[in-house]
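> Could you have a look at this structure, given as structure tokens, before my questions?
The numbers here are math on the coordinates, done by the rules we state, and not lab data. Predicted model, so just to flag it, every value in this text is computed and none were measured. Quick reminder, even Gly has a Cβ in these numbers, built from the backbone with ideal geometry, and neighbours come from all protein chains shown.
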Amino acid sequence: MRIVFMGTPEFAVPSLESLVNSKYEVVMAVTQPDKPKGRGYRVCCPPVKQYALSKGIPVFQPEKIGDPCAVRKLAETNPDLFVTCAFGQFLTSDVLSIPKHGTVNVHASLLPKYRGAAPINWAVINGEKKTGITTMLTVLKMDAGDILLQREVAIDDNITAGQLHDKMSLLGAELLNETIQGIEKGTIERIPQNDSEVTFAPRITSMTGKINWESSARQIHNLVRGTNPWPGAFSFFKGERMRIWRTKIIDETKNPAAEPGTILTISKEGFTVQTGKGLILVSEIQCDNSKRLTTCQYICGHCVDVGDCFGE
């Protein structure tokens, strides 16, 4: 089977690697154009491109996948199947009509829940106990095609979005191969999505991680996990922006005895902070233009007192 793979970030690399190591022929890797990155705005190529080039796979980086020149180039590969995984562009009807067996997408949620760009982050932020990988047939509407296969993944109370991302990228690779084998054998049942159960996972922005201390201890803890490693949950402390990387729920039931955001106790384990409902321990932080520190390290060089408050 001749396959054109479309993907961009690190999440997609295991899926491409699994195809390269299978009996299938990957005839092209399609990915987003190289972009400036980091403080120096150095132009970097996407992880999928790096991997594809290391394996001698031709790489195509169209600005717009639906442009006529791009459509012709894709058609020239004479593909049996397109596979997409975190590609980052919507496929047009002209593109979708090219492969003989259609287009399979690897999506990081249990569809129809969490359609969109950031399903892993929002599953953690919203306190879900499980998520999963879905392979589906791509249609013109975002993440709305028929489900092919699904696998669940448990979400524990302390896993970060980054840790869950790595776990799910490997599962996605496994499920993709199983899906293509089923397509070849004609054994996969297409399951239409239930539109009444649809939820969405919009893009994460730099402001997604802003902490509202009026929220509960559980909600804040989930926000910290769900925005780790990017963009990071943050608040302000004594006029300085402070990212909060690690927390622990101390209590979920106590009503506020102080203004939410107030530091109630200071110990070697961290700051116990009042929230809108319950108490949370802040144990790892990072100020702008500084490195990550435990709260114990931070107080060695900064004045912190009980009664000090996080917030604007």
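> Could you work out the relative contact order of segment 262-312? I mean the mean sequence separation of Cα pairs under 8 Å and 6+ apart, divided by the number of residues, in percent.
Rounded, it is 38 percent for segment 262-312.
> Given a cut-off of 23 Å, name the pairs among 113/277; 210/277; 130/248; 49/100; 210/291; 55/141 whose C-alpha atoms lie farther apart than that in the structure shown.
Values: 113/277 28 Å; 210/277 18 Å; 130/248 20 Å; 49/100 25 Å; 210/291 19 Å; 55/141 33 Å.
Among 113/277; 210/277; 130/248; 49/100; 210/291; 55/141, the Cα-Cα distance tops 23 Å for 113/277; 49/100; 55/141.
> Starting from the amide H of residue 213, placed 1.01 Å from N in the peptide plane, find each other amide H under 5 Å away whose residue is 5 or more places distant or on another chain.
Amide H neighbours of residue 213, under 5 Å, 5+ apart: none.
> Which whole-Hz couplings ³J(HN,Hα) result when phi for each residue of segment 295-305 is put into the Karplus expression 6.51 cos²θ - 1.76 cosθ + 1.60, θ = phi - 60°, listed in order with x for Gly and Pro?
Running phi through 6.51 cos²θ - 1.76 cosθ + 1.60 with θ = phi - 60° gives 4, 5, 5, 5, 6, 5, x, 9, 8, 10, 10 Hz.
> Which shape class applies to segment 85-175: rounded if a/c is under 1.5, otherwise prolate when a/b exceeds b/c and oblate if not, where a ≥ b ≥ c are the square roots of the Cα gyration tensor eigenvalues? Can you show the working numbers first?
On the way: a/c = 2.37, a/b = 2.05, b/c = 1.15.
Taking the square roots of the gyration eigenvalues as a ≥ b ≥ c, segment 85-175 is prolate.
> Give me the net charge for the shell around residue 117: Cβ to Cβ below 11 angstrom, other residues only, Lys and Arg +1, Asp and Glu -1. All intermediate terms of the calculation are to be shown ahead of the outcome.
On the way: positive: 115, 203; negative: 143.
My count for the surroundings of residue 117 gives +1.
> Could I ask something else about it? With θ set to phi - 60°, apply the Karplus curve 6.51 cos²θ - 1.76 cosθ + 1.60 along segment 213-219 and write out the HN-Hα couplings as whole Hz, x wherever there is a Gly or Pro.
Taking θ as phi minus 60°, the curve returns 5, 6, 5, 6, 4, 5, 5 Hz for segment 213-219.
> Using only alpha carbon pairs under 8 Å that are at least six residues apart, calculate the relative contact order of the chain and give it in whole percent.
13
> Indicate the gyration tensor shape class of the chain (rounded, prolate or oblate), computed on the Cα atoms with a ≥ b ≥ c the square roots of the eigenvalues: a/c under 1.5 is rounded; otherwise a/b larger than b/c is prolate and the rest oblate.
Numbers: a/c = 2.81, a/b = 2.02, b/c = 1.39.
It is prolate, given that a/c is not under 1.5 and a/b is the larger ratio.
> In whole Hz, what ³J(HN,Hα) sequence does segment 91-107 give by Karplus (6.51, -1.76, 1.60; θ = phi - 60°), x for Gly and Pro?
8, 7, 4, 4, 6, 5, 7, 6, x, 4, 9, x, 10, 9, 10, 9, 10
> Taking amide hydrogens as modeled 1.01 Å from N in the peptide plane, which residues meet the under 5 Å criterion relative to residue 60, leaving out close sequence neighbours?
Amide H neighbours of residue 60, under 5 Å, 5+ apart: 29, 30, 31.
> Do you know the relative contact order of segment 26-148, to the nearest whole percent, from alpha carbon pairs under 8 angstrom that are 6+ apart?
19
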